[in-house]
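The values are calculated or read from the model by the stated rules, or taken from the named source; none is laboratory data. Please read all numbers here as calculations on a predicted model, not as lab measurements. Note: ideal-geometry Cβ built from the backbone for every residue, glycine included; neighbour counts use all protein chains shown. Areas reflect the complete protein model, heavy atoms only, side chains present, ligands, DNA and RNA absent. Shrake-Rupley method; radii C 1.70, N 1.55, O 1.52, S 1.80 Å.
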Amino acid sequence: IRIAMAVATGAVLATAPLSAQDDYETTRIAEGVYQFRWVGHNGMFVTTDAGVVAFDPINVEAAKAFASEIQRIAPGSPLVSIVYSHSDADHSTGANVLMDAMGQQGVPIIAHENASAPIRARGSSAQPEPTVTFTDKLSFEVGGRWIELYYLGPSHTDNIAVAFIPDAGVAFSVDFVSLDRMGYQELPGWRFPEFFDAVSGLLGIPFETMVFGHGPPGDRAAIHRQIAYYDDLTTAVRESVADGLSEDQAARRIRLDQYADWDRYEDWFPMNVRAVYRWVAAGAG
């Protein structure tokens, strides 16, 4: 495993190529800000003079590798806090393992207040409940670096926290946006129409680089493209509903060829159509 340096080339953020057989890799995004990838999921960590803040331990197995990468890059630095992006188990499991691997206990776990209930209901010892929660915005300082957490409203869940590191211009958003990629399958858990406001709300955060929960990082233009995609998709679905097409017909006929080169277009685009069709056909859109 080695570190790849993120290199900004104009408006496009590129990373050095890494060995395809690696289960995980760490990419330097900015000074003291690193993306940690485990298979198809990303976490992030920030180093400071007082220690390290980790975002999304992902899962039990990933958390062990996450800890080893933190210790390799910031040897001797304690784990100051863990931030959950949201309550989904595939992103926020393994906090106890991360603490244990760092030789610590009782590290504060921060999340949006709505994340507590689904995590408590899940009842998994591998996914401890947050110990610090916030409602709309939380700002805290660690070792001279400020970290801001924003809640932009319901999107993929009702508890996604978007992190922002002001001195690095780096944000971290998970699941409801990504770099030139379709929404996940039939958009499970997506809240319409609040979702659209949440995506647009990202532009109110003065980030330059965005680390996503899946895939490579992007820039502000990537968010503009996501907004355009969902606008175009919604318009096409509304036209199909107005024309009397069924869900199956709409899923077969709607094509947005300007997005055909996006990741998972062939597999997930018809599923995205179905999800938006159900919302529009129900009279809510």
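Points worth noting:
- Among Ile205, Ala221, Val241 the positive-end extreme of the charge dipole of the range 185-279 (Cβ point charges): Val241
- In the range 119-160, Cα pairs under 8 Å separated by at least six residues give a relative contact order of 23 percent.
- Accessible surface of the chain, 1.4 Å probe, proportion on carbon and sulfur as whole %: 50
- Averaging the sequence gap over all C-alpha pairs within less than 8 Å and six or more residues apart, then dividing by the number of residues, gives the chain a relative contact order of 13 percent.
- Radius 12 Å from Cβ of Asp261, net charge of other residues (Lys, Arg +1; Asp, Glu -1): -1
- Estimated translational D of the chain in µm²/s (Stokes, Kirkwood radius over Cα pairs; 20 °C; 1.002 mPa s): 110
- Per-residue Karplus couplings for the range 130-139, computed as 6.51 cos²θ - 1.76 cosθ + 1.60 with θ equal to phi - 60°, are listed in order as x, 9, 10, 10, 9, 9, 10, 8, 9, 10 Hz, Gly and Pro entered as x.
- Quarter of Cα convex hull surface for the range 52-98, i.e. mean projection, nm²: 2.8
- Taking every full run of DSSP H in the chain, the ones that stretch at least 30 Å from end to end by Cα along their long axis and average -1.0 or higher on the Kyte-Doolittle scale are 220-242.
- Straightening the chain between Glu247 and Phe196 buys 16.2 nm, computed as 0.36 nm per residue apart minus the Cα-Cα spacing.
- Whole-Hz Karplus values for the range 106-117 come out as x, 5, x, 10, 10, 7, 5, 4, 6, 6, 5, 4 Hz, taken residue by residue from phi with 6.51 cos²θ - 1.76 cosθ + 1.60 and θ = phi - 60°; glycine and proline positions read x.
- Approximating the spin labels as points 7 Å out from Cα along Cα→Cβ, the Ala50-to-Arg264 distance works out to 3.7 nm.
- Full extension of the chain between Ile227 and Ala117 yields a length gain of 36.6 nm, computed as 0.36 nm times the residue separation minus the alpha carbon distance.
- Whole-number accessible area per residue in Å² for the chain, which is evaluated in the context of all protein chains at 1.4 Å: 41
- Every helix of 4 or more DSSP H residues in the chain counts as -39500 (n - 2.57), and over all residues that averages to -9000 deg cm²/dmol at 222 nm.
- Globularity ratio of the range 149-282, using Cα Rg and 2.2 N^0.38 Å: 1.06
- Cα gyration tensor shape of the range 25-151, rounded if a/c is under 1.5, else prolate or oblate by comparing a/b with b/c: oblate
- Near Lys137: Cβ cut-off under 14 Å, other residues only, Lys/Arg at +1 and Asp/Glu at -1. The net charge is -3.
- For Phe36, the shell of other residues with beta-carbons less than 10 Å away shows a net charge of -2, using +1 for Lys and Arg and -1 for Asp and Glu.
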